[in-house]
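FYI, it's all coordinate maths here, none of it is from the lab. Since the structure is predicted, the reported quantities are computational estimates derived from the model, not experimental observations. Virtual Cβ from ideal backbone geometry, glycine too; neighbours counted across all protein chains shown.
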Amino acid sequence: MYKVIGYGGTRAFRLLWMLEELHIPHRHDRVMPFTQAAHDAVPGGRLPALELRDGTILQDSTAILSFLADRYGALTHPPGSVERAVQEGWMHRVAERIDSPLMNWTSFMQGRGPPPVPAVRAWVADCLAEGFAGAADSLPDTPWLAGEDFTIADIVLGHCLHWAERYQALPEDARLRAYLARVRQRPAYLAADSS
Ligand SMILES: N[C@@H](CCC(=O)N[C@@H](CS)C(=O)NCC(=O)O)C(=O)O
């Protein structure tokens, strides 16, 4: 059975949500990041991770989503299709423009590391707001990012919106809020273990 390693309040939620989408039974080992337990659990202590049935450990949430999508032929467009390029474009864009500043913002909110000087804190907030604004302006007319069908790109953006809300960084933008509301109607999102 697959084992998700990582606390459901982190990017591990993406993996738990994906496995619910695929109806794949799994175990969940709630290891907190930045702890000795994380280093004991996975190489380099970097979470989340997915342990395969043979003990292999995969790391990086987006790589794991791609692995599961390709392995089960679900929540992804076929390689070489235009839709696949759109899907992957969204995954990269969200990782660079939203996930990265959101990680820094979260560190500030959690008080991890030295307190940021106000200008740095404001710059990170601006970067995050710009990332969200760019995503909002680029949302397609289709229900999901790469067309009519929900894909792993939607898990990544949906998770970032859910994460931003938790850290008081969710923008007011009505388009993003409507998108998040759609995400939240998915039974797998609701079933995923966020603890
Ligand atoms: N791009 C990675 C980011 C993972 C990440 O930054 N994890 C943090 C915890 S939230 C961590 O374990 N950092 C320790 C490290 O990178 O060594 C992903 O999507 O999984």
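Starting from 0.36 nm per residue, how many nanometres of slack lie between residue 30 and residue 126 once their C-alpha separation is accounted for?
Working: separation 96, 0.36 × 96 = 34.56 nm, distance 3.22 nm.
In short, 31.3 nm is gained.
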* Asked: Distance from the Cα centre of region 1-54 to that of region 55-118, in angstrom?
  -> 15
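Might you report the magnitude of the Cβ-based charge dipole of region 82-186 about its Cα centre, with Lys and Arg at +1 and Asp and Glu at -1, to the nearest 20 debye? Could you put the intermediate results ahead of the total?
Working: 11 positive and 14 negative charges, 89 e Å.
Value, rounded to 20: 420 debye.
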* Set Lys and Arg Cβ to +1 and Asp and Glu Cβ to -1, take the dipole of the chain about its Cα centre, and tell me which of 185, 36, 139 lies farthest positive. => 36
* Asked: For residue 8, which sequence-distant residues (separation of 5 or more, or a different chain) have an amide H within less than 5 Å of its own amide H, given hydrogens modelled in the peptide plane?
  -> 195
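Relative to the present Cα-Cα distance, how much length would full extension add between residue 95 and residue 67 at 0.36 nm per residue of separation?
Values: separation 28, 0.36 × 28 = 10.08 nm, distance 1.69 nm.
Difference between extended and current length: 8.4 nm.
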* Asked: Going highest first, how would you order 90-100, 144-154, 130-140 by mean Cβ packing within 10 Å?
  -> 144-154, 90-100, 130-140
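Going highest first, how would you order 27-38, 117-128 by mean Cβ packing within 10 Å? Don't jump to the answer; show the numbers that get you there.
Values: 27-38: 15.2, 117-128: 13.6.
Those peptides, ordered most packed to least, come out 27-38, 117-128.
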* Could you work out how far apart the two model spin labels at residue 46 and residue 174 are, taking each label as a point 7 Å from the Cα in the direction of the beta carbon, and quote it in nm? => 4.1
